[in-house]
1. Under 7 Å between Cβ atoms, at least 6 apart or on separate chains: pull out the pairs that start in the range 627-644 with a residue that is not assigned by TED's automatic domain parsing to the domain that holds residue 661 and end on any residue that is loosely packed, with under 12 Cβ neighbours inside 10 Å.
2. Quick test of your reading of the structure: residue 148 fulfils all but one of (1) of a type outside the set (Asp, Glu); (2) within 16 Å of the ligand (Cβ to nearest atom); (3) modelled with pLDDT of 60 or more. Name the failing condition by number.
3. When residue 16 is evaluated against the numbered criteria (1) outside any helix (DSSP H, G or I); (2) in contact (Cβ under 8 Å) with a residue 40 or more places away in the chain; (3) not acidic (Asp, Glu), which criterion, by number, is the only one it fails?
4. For the range 664-696, give me each residue that is closer than 18 Å to residue 453 by Cβ and in a strand (DSSP E or B).
5. Is it the case that some residue within the range 649-662 is outside the structural domain of residue 579 (by TED's automatic domain parsing), modelled with pLDDT under 85 and buried (at least 18 other Cβ atoms within 10 Å of the Cβ)?
6. Checking residue 626 against (1) crowded, with 18+ Cβ neighbours inside 10 Å; (2) within 23 Å of residue 455 (Cα to Cα), only one condition comes out false. Which one?
7. Between a residue in the range 521-548 that is not assigned by TED's automatic domain parsing to the domain that holds residue 642 and any residue that is in a helix (DSSP H, G or I) and surrounded by fewer than 15 Cβ atoms within 10 Å (Cβ to Cβ), which pairs come within a Cβ distance under 6 Å, given they are 6 or more apart or on different chains?
8. So residue 513 passes all but one of these: (1) without any contact (Cβ under 8 Å) to a residue 12 or more places away in the chain; (2) exposed (fewer than 15 other Cβ atoms within 10 Å of the Cβ); (3) over 20 Å from the mean Cα position of the chain (by Cα). Which condition number does it fail?
Amino acid sequence: MLRQYELVEKVRSYDPDADEAMINRAYVFSMQKHGTQIRASGDPYFSHPIEVAGILTDLHLDDETIVTAILHDTIEDTVATPEEIERHFGGNVARLVDGVTKLSRIEAQSESQRAAENLRKFLLAMSGDIRVLLVKLADRLHNMRTLHFIKSEEKRRRIARETMDIYAPLAERIGMYEFMTEMQTLAFREVEPDAYASIARRLEQLHKGGGEKMIDRIARGLKAHLEANGVEAEVQGREKHPYSIWRKMAERHVSFEQLSDVMAFRAIVPSVDQCYRTLGLIHQRWPVVPGRFKDFISTPKRNGYQSLHTTVIHDEQMRIEIQIRTADMHARAEHGLAAHWAYKEGAAEAAAQHPWISDLVEILEHAASAEELLEHTRMAMYQDRIFAFTPKGELIQLPKGATPIDFAYAVHTDLGDQTVGSKINGRVMPLRTPLENGDQVEILVSKAQHPQPGWLSFVVTGKARAKIRRFVKSKEREETIALGRKIFDEIVQRLPQPLGWEAMAEALKRLHFHDDAALMEAIAMKRVSDVAVMEALLPGSTGSEGVKPPPQRTAISIKGLTPGVAFQLAECCHPIPGDRIVGLRREGEEIEVHTIGCDTLANGEDADWVDLAWGDESDGGTARLCVVIRNEPGSLAAIAGILGSHGANIVSMEQASRDGSFHTFHLDIEVHDVQHLMRILAALRATEVVASAERL
Ligand code: MN
């Protein structure tokens, strides 16, 4: 384990201004908090955060990052609190430690599932500061180095898989190839022990044959060739690591012997000019393998990687891969973004001032191809996304502003359709609540529930919107047809004589309707008049003596009340005949009649409930509507016209809200009963200027 003074020395070697006292405080704080906790290796737990800090000093990271690494497990695994950390180490460190703690919790939550791509994106989105991610990656790397101490094979494999699927690709994404390679090698050994052993054995055989290793011999030859032609180069030779060899064997279906690039060489030269000169010298000396040359200097990779790559056939028919780059390019290739900062003036400043995304974008501005730019846009896009969990820990990706309804539809259409409520992080919350990153969302359902038109005012995903719209449309048509059928029955009653069995078919033909549903819809929406329907059913009937007048409805009466008891229709819900109703009776007061769905009932504990029903001859009531109409001349007149033609008096009208293209009105109108109201609503909805019409 690194000693306290060794750690401080390491940081000061690359950053003389580092806050030595803060690092010392963190060291002592972490040691005290972790106390006697023990790792699977038998070492004191405290050795782990110190080693993680050590890994990060290799990347020359700033003092705040190092302190964060030392403290990274104190919140989750000890009694330390965020307030304590802020008091001792300041707001920046507290924020960073909080970030790492959150990532660890997410990791624990989603242990059971394999939505690796989603989890990677989520970790990116959550690490608002790249330093959080760097600490997390170093944490994982150290855990991988000590993986073999864990006794349970199942647990070792799970951790290795997760590292392979999530953390190694993340490291690659931000250009930390050393982290990536080591994680992959360690994970590969755990997940595919047989394949690992066989490749390791082959690699060893390659080195046999006495004296100098083949790899060193080739490297020495390369260096000599370049020097003889005036280029000072540092040449390194390395074997591909077992995991990448194995992956190539699997991808290309080739054996180890057929694999061309088991060995790779790197020439590090002083300038970009010399990179190209080196390339020329190598191509002159050895035959080039066609199709393997790549120029990542003029066209860097999206993460900023620069190098020339080529493959040549070396003496003894051995294919070798050669990368050519400058020292600066090399540092960036090895340490990715971390090096990018370290090489800038003052790593800490750069890290603190630029959120990591913008830093990445800066690098990406050099991306040349459309595809690379697209990749980078995709990265930036994570900022507009949120990630929420199902109770089972599955990750659901949604746009910012998404609500539990959007969440439910994203999981499954049926779940969305049946939503009646939601719990966010265990608390019941309104369905219109915007979700936040990391929320756990439980959807409460009922088989009796259907999509509600009101949801359209707050959902943000296209899927939810489309599903709700489709349902509401079909529901409205059903209601309209049912209403038309009722009116049709009334019309039939008014005819002077009963109809023959063929009358309906005849009527459809005369009125040019394909089926009776279409006719009922037309009747409800007043596209065909009562008189026209009567004539079609029984030609000549409207002129005859026997036709009866439309049914008359008389005053309001309510069943279930002792005659003479005073009642009033509640102002809050405006019940009209046909509504299901309930009475609230309080001492010395008139009985209040409410609709069964009225919110007031929930607060009516101090009153007796009285079961009520409308009398057969009930007629008349005031219904309150919410109508959204287009903001254009004549809209209001059109509404008034429809209400007039349906015999509905407007009692009052007020503008509830307006935006550019739509106005919302609250209307009180006098209607006979629910059927009458339904006809009016249907007619309103059928009007072009009306965006929506609902009873309030
Ligand atoms: Mn840890």
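The values are calculated or read from the model by the stated rules, or taken from the named source; none is laboratory data. What you see is a predicted model; the values in this text were computed from it and never measured. Here the Cβ positions follow ideal geometry from the backbone for every residue, glycine too, while neighbour counts run over all protein chains shown.
1. Pairs that qualify, where the first residue is not assigned by TED's automatic domain parsing to the domain that holds residue 661 and the partner is loosely packed, with under 12 Cβ neighbours inside 10 Å: there are none.
2. All conditions pass for residue 148, except number (2).
3. Answer for residue 16: the failing condition is (2).
4. Across the range 664-696, the qualifying residues are 664, 665, 666, 667, 690, 691, 692, 693, 694, 695.
5. Checked against the condition, which is being outside the structural domain of residue 579 (by TED's automatic domain parsing), modelled with pLDDT under 85 and buried (at least 18 other Cβ atoms within 10 Å of the Cβ), the range 649-662 yields no hits at all.
6. Of everything listed in (1) crowded, with 18+ Cβ neighbours inside 10 Å; (2) within 23 Å of residue 455 (Cα to Cα), residue 626 misses just condition (1).
7. 536/510; 542/531
8. All conditions are met except number (2).
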